[in-house]
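Novice: Below is one structure. I have some questions about it.
Computed from the coordinates by the stated procedures, all read-outs in this text should not be read as laboratory data. Owing to the predicted nature of the structure, the values given are computational and were not obtained by experimental measurement. We place every Cβ from the backbone using ideal geometry, glycine too, and count neighbours over all the protein chains shown.
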Amino acid sequence: MRILLISDSHSVLVNEDFTKYDLVLHCGDYGISKSVLDNNHVKYVIGNCDDYGEYEYIFTFNGRKIFMAHGHQYGVKMGYDRIKYRALENGCSILVFGHTHIPIWQPEDGLLTMNPGAYMDGFKIEITDDYIYYILDQRIYKKFEFKW
């Protein structure tokens, strides 16, 4: 299993080999990449700079319930509590969001919280069955063990 997690591409066109992944998620502020996302069956949410999409997306993938939002409507630049509570009240074990442009990894209270950082700055996350890789400019800069 391989998942690609990206966010905040804004004026940078998302350029990935989507065929390598079982699932691709974009956490909003897709900017000029909307047609690329639509043509490649990418799941995405609306960001504060976008004009089309859902604000939240809750779904199950390979037995894990995932909550995805951009984060601006939860004030994530001031803290993550509101968005974490929303994910937990929906029974999710994984929370992914964007907006801050800052990559984070926070496993706590039965919830894995991740922000890939801004794609426009070269950040993305790849998830496999056993690891989560934080990538900057096509190089792995952090690796976390994680059993899907």
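Novice: Please work out how much length the chain gains when fully extended from residue 85 to residue 121, using 0.36 nm per residue of separation minus the C-alpha to C-alpha distance, in nm with one decimal.
Specialist: Details: separation 36, 0.36 × 36 = 12.96 nm, distance 2.86 nm.
So the chain would gain 10.1 nm between residue 85 and residue 121.
Novice: For the residues 130, 29, what sequence is obtained by ranking on other C-beta atoms within 10 Å, fewest first? Don't skip to the answer; put the middle values down first.
Specialist: Numbers: 130 10, 29 26.
Fewest-to-most ranking of 130, 29: 130, 29.
Novice: Under a Cβ-only charge scheme (Lys and Arg +1, Asp and Glu -1), can you give me the dipole magnitude of the stretch 2-133 about the Cα centre, in debye to the nearest 20?
Specialist: Working: 11 positive and 18 negative charges, 29 e Å.
Here the size comes out at about 140 debye.
Novice: Just from its helices, what would the mean residue ellipticity at 222 nm be for the chain, if runs of 4 or more DSSP H residues each count -39500 (n - 2.57) and the sum is divided by every residue, rounded to the nearest 500 deg cm²/dmol?
Specialist: Numbers: 2 runs with 15 residues, N = 148.
Taken over the chain, the calculation gives -2500 deg cm²/dmol.
Novice: Counting other beta carbons within 10 Å of each Cβ, put 114, 1, 120 in order, fewest first. Write down the numbers at each step before the final one.
Specialist: Working: 114 24, 1 12, 120 19.
Ascending Cβ contact count within 10 Å gives the list 1, 120, 114.
Novice: Moving on. For the stretch 34-98, rounded, prolate or oblate, judged on the Cα gyration tensor with a ≥ b ≥ c (square roots of eigenvalues), a/c < 1.5 rounded, else prolate if a/b > b/c? Working shown, then result.
Specialist: Working: a/c = 2.73, a/b = 1.20, b/c = 2.29.
Oblate is the answer for the stretch 34-98, as a/c is 1.5 or above yet b/c matches or exceeds a/b.
Novice: First check a/c for the stretch 97-144, with a ≥ b ≥ c the square roots of the eigenvalues of its C-alpha gyration tensor; if it is under 1.5, answer rounded, and if not, answer prolate when a/b is larger than b/c or oblate otherwise.
Specialist: On the way: a/c = 2.50, a/b = 1.24, b/c = 2.03.
Judged from the Cα gyration tensor, the stretch 97-144 comes out oblate (a/c at least 1.5, b/c at or above a/b).
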